[in-house]
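The values are calculated or read from the model by the stated rules, or taken from the named source; none is laboratory data. Predicted, not measured: the structure shown is a model, and the values here were computed from it. Using ideal geometry, Cβ is built from the backbone for each residue, glycine included, and neighbour counts are taken over all protein chains shown. Surface areas here come from the heavy atoms of the whole protein model, side chains and all, with no ligands, DNA or RNA. Shrake-Rupley method; radii C 1.70, N 1.55, O 1.52, S 1.80 Å.
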Amino acid sequence: DVDKSFIKVGIGGEKKSRLVPESERRITAYHESGHAILFHLLPHVGPVYTVSIIPTGTGAGGYTMPLPENDNVFMTKAKIEDIKVSLGGRIAEELILEDITTGASQDIKQASQYARAMVTKYGMSEKLGLINYDNDGDEVFIGRDFGRTKGFSENVAAIIDEEVKNIIDECYKKAKSILDSNMDVLKRCAELLIEKERINREEFEALFDVKGEQAQTV
């Protein structure tokens, strides 16, 4: 009961009554496996508490729930760069299905927001330095876009866009390398999810020890 309550509060209620086509269950299994492997192997996120392909009340086809081991007050640059986990689902789809779905839209949005904050809010861009380019407080009318003002030039705006793209591209490249190196775990995890629908931390971590194989990271 406690475990179910923990998931419901952290993720949302599961909707087991939904009739999900087998093809979509397979897509979700690989998508969530991609997230889970990165949560497990990257140094500043995880560990994985639960991985599931049961739809939730939020509209998601499944979820990967990490369990942070510390209550951190500050976010370091290295930790923010582990937004790579957000890209794991899309990358897994590309590697296994040779196609992509709309399921990664929220992941892409979240990764983009963190990357932009690194550049515009946290002074983590060498090109732009310790200047705040964030416009969150600049809405002066009811209409958000209508009242938005921009306190920097078009040239700076172009550099911001370039820096954000560079961060995402670099995260994508490193995340893809990790999943490429752990393709066997990716497939085993997806197969287990298709069979059981939900796996816990012990079941997930055991996938890395099959036949003495060691997980490969970068």
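Yes or no, residue by residue, for (1) within 24 Å of TYR49 (Cβ to Cβ); (2) modelled with pLDDT of 95 or more; (3) part of a loop (DSSP other than H, G, I, E, B):
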position: ASP71; (1), (2), (3): yes, no, yes
position: LEU87; (1), (2), (3): yes, yes, no
position: TYR114; (1), (2), (3): yes, yes, no
position: GLU126; (1), (2), (3): no, no, yes
position: ILE131; (1), (2), (3): no, no, yes
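Can you tell me how many residues in region 56-69 are hydrophobic (A, V, I, L, M, F, W, C) and either open to solvent by 40 Å² or more (accessible area, probe 1.4 Å) or at pLDDT 90 or above (or both)? I'd like the intermediate steps shown before the answer.
At the first step, the residues of region 56-69 found to be hydrophobic (A, V, I, L, M, F, W, C) are 60, 65, 67.
Applying the additional criterion that residues be either open to solvent by 40 Å² or more (accessible area, probe 1.4 Å) or at pLDDT 90 or above (or both) yields 65, 67.
So the count comes out to 2.
Give me a count of the residues in region 94-112 that are touching a Ser or Thr at 6+ places or on another chain (Cβ under 6 Å) and within 16 Å of SER33 (Cβ to Cβ). Reasoning before the result, please.
Applying the first criterion (touching a Ser or Thr at 6+ places or on another chain (Cβ under 6 Å)) to region 94-112 yields 107, 110-111.
Retained after the next criterion (residues that are within 16 Å of SER33 (Cβ to Cβ)): 107.
Number of matching residues: 1.
Could you tell me whether GLN113 is over 11 Å from the mean Cα position of the chain (by Cα), open to solvent by 90 Å² or more (accessible area, probe 1.4 Å) and polar (S, T, N, Q)?
yes
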Within region 140-147, can one find any residue that is out of contact with any helix residue (DSSP H, G or I) (no Cβ under 9 Å at 6 or more places or on another chain), at pLDDT below 90, open to solvent by less than 100 Å² (accessible area, probe 1.4 Å) and over 20 Å from LYS77 (Cβ atoms)? yes
Considering only residues that are over 18 Å from ALA175 (Cβ atoms), out of contact with any Ser or Thr (no Cβ under 6 Å at 6 or more places or on another chain), part of a loop (DSSP other than H, G, I, E, B) and of a type outside the set (S, T, N, Q), which ones fall in region 17-58? ARG18, LEU19, VAL20, PRO21, ILE54, PRO55, GLY57
Which one is modelled with the lowest pLDDT, of the residues in region 148-157 that are within 28 Å of ASP107 (Cβ to Cβ) and open to solvent by 60 Å² or more (accessible area, probe 1.4 Å)? ARG148
ILE53 passes all but one of the listed conditions (1) more than 15 Å from the chain's Cα centre (by Cα); (2) modelled with pLDDT of 75 or more; (3) open to solvent by 30 Å² or more (accessible area, probe 1.4 Å); the exception is number (3)
Might you check whether a residue that is more than 25 Å from PHE204 (Cα to Cα) and either modelled with pLDDT under 95 or surrounded by fewer than 16 Cβ atoms within 10 Å (Cβ to Cβ) (or both) occurs anywhere in region 169-184? yes
